[in-house]
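See below for the structure under consideration.
The values are calculated or read from the model by the stated rules, or taken from the named source; none is laboratory data. Just so it is clear, the model here is predicted, and its values are computed rather than measured. Cβ coordinates were reconstructed from backbone atoms using ideal geometry, including for glycine residues, and neighbour counts include every protein chain displayed.
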Amino acid sequence: MSNQVIRDQKRRVQFSRYELKRMLYKAISQDRKLSPSDRYEYSLKLSKMPRNSSRTRIRNRCILTGRSRAVYKMFRLSRIVFRELASRGALLGISKSSW
């Protein structure tokens, strides 16, 4: 497993840990019914949270090779690894089509 995959796993864990708090702070900071000082306070709290706790920092990567492009979300495998495993019959319920 490459460093990129490990780094992405850490980001996913940190995102899940801070997700609710981040959503709450964001909702409060964008609520127009509240006073500007309260909104500003919560926007500061939001900015002081770890950067890796944001959803946009997560990158879908292949769990075997670390490839970041052409990754199927459902399997978390790249198209190359997916095809190889499917050809070998290592993925249950997946077979190469022929007509």
- Message: Suppose the filter is at pLDDT 90 or above and either surrounded by 10 or more Cβ atoms within 10 Å (Cβ to Cβ) or not hydroxyl-bearing (Ser, Thr, Tyr) (or both); does residue 79 pass it?
- Response: yes
- Message: Quick check on this structure: which one of 67, 57 is within 13 Å of the chain's Cα centre (by Cα) and of a type in the set (Lys, Arg)?
- Response: 57
- Message: Condition check: free of Cβ contacts under 8 Å to residues at least 12 places away in the same chain, surrounded by 15 or more Cβ atoms within 10 Å (Cβ to Cβ), among the small types (Gly, Ala, Ser) and over 14 Å from residue 8 (Cα atoms). Does residue 86 satisfy that?
- Response: yes
- Please determine, by comparing only the residues of segment 47-74 that are of a type in the set (Lys, Arg) and part of a loop (DSSP other than H, G, I, E, B), which one is surrounded by the most Cβ atoms within 10 Å (Cβ to Cβ). 61
- Looking at segment 1-35, which of its residues are surrounded by 13 or more Cβ atoms within 10 Å (Cβ to Cβ), modelled with pLDDT of 90 or more and among the hydroxyl-bearing types (Ser, Thr, Tyr)? 18, 25, 29
- From the list 17, 32, which residue is within 20 Å of the chain's Cα centre (by Cα) and either in contact (Cβ under 8 Å) with a residue 24 or more places away in the chain or not in a helix (DSSP H, G or I) (or both)? 17
- Item | Filter pass, residue 5 being within 30 Å of residue 95 (Cα to Cα), in contact (Cβ under 8 Å) with a residue 24 or more places away in the chain and either part of a helix (DSSP H, G or I) or among the β-branched types (Val, Ile, Thr) (or both) | yes
